[in-house]
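Working notes for the structure below.
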Amino acid sequence: DLGSEATEVTQNVAATRCDRASFTDEVDGTPFARTSTRTFLIPGADLPAEFGLTESTGVLDADAARTFVGTVRDRLVKCSDRQIGTEVTRLATSSSATRDLTAWRVVSQVTDKSTVTYLMAILRDGPRVAQVGFIAAPRADLDSDAFVALARRALDRLGELEVD
């Protein structure tokens, strides 16, 4: 297994600087429960330290979970205007009464000659929410379709997260 042990979320490494999503703050007065974060790496692959895939999960009430997802979506829509040198592309979105999934590619200019690319998805299954973040590296990237498929699998597994 190439994933770290799941731990309680103290810092949401899956977040981008656009959304700044926190699994430790209250949402509409509701605290997160059952938070967990896990990072997946490729040991010995000679990749930059920032490379990796992280998933953070938590439980709210259903209304707060919808608000959380809506806030992240709103922040991503406005990010290119607020963060100079950042380009946000929505890759996929779907919503129903009980489930949400939206995925983006966020490219941020670090210097005149370098950028960092994040793939990020926000997910909801009833009161359960998750954020999946992937930081690409040279020779180690996911194309948009592969990341969206990964996010859909994460959404399918999210329903297994205990609520009580």
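FYI, it's all coordinate maths here, none of it is from the lab. Owing to the predicted nature of the structure, the values given are computational and were not obtained by experimental measurement. Please note: Cβ atoms are built from the backbone with ideal geometry, for glycine as well, and neighbour counts cover all protein chains shown.
Quick rundown of the values:
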{"quantity": "Structure-derived semi-axes √(5λ) of the Cα gyration tensor in Å: which label, when the choices are (i) 40, 17, 12; (ii) 25, 21, 19; (iii) 25, 19, 14", "calculated": "(iii)"}
{"quantity": "Among Thr93, Thr111, Thr67, residue whose mean-square fluctuation peaks in a GNM of the chain (springs only between Cα atoms under 10 Å)", "calculated": "Thr111"}
{"quantity": "For peptides 114-122, 82-90, 96-104, sequence by mean Cβ density within 10 Å, most packed first", "calculated": "114-122, 96-104, 82-90"}
{"quantity": "Alpha carbon convex hull of the stretch 55-106, volume per residue in cubic angstrom", "calculated": "89"}
{"quantity": "Rounded FRET efficiency, nearest 0.05, which uses the C-beta distance separating Asp28 from Asp145 and R0 of 30 Å", "calculated": "0.30"}
{"quantity": "Nearest-ten-degree value, helix 144-158 long axis tilted from longest Cα axis of the chain", "calculated": "30"}
{"quantity": "Helix-only [θ]222 nm of the chain, DSSP H runs n ≥ 4, -39500 (n - 2.57) each, per residue, nearest 500", "calculated": "-7500 deg cm²/dmol"}
{"quantity": "Estimated vicinal HN-Hα couplings, Hz - the stretch 23-34 in sequence order (Karplus 6.51, -1.76, 1.60; Gly, Pro = x)", "calculated": "9, 10, 7, 7, 10, 6, x, 9, x, 5, 10, 6"}
{"quantity": "Convex hull volume of the stretch 75-136 per residue (C-alpha atoms, cubic angstrom)", "calculated": "77"}
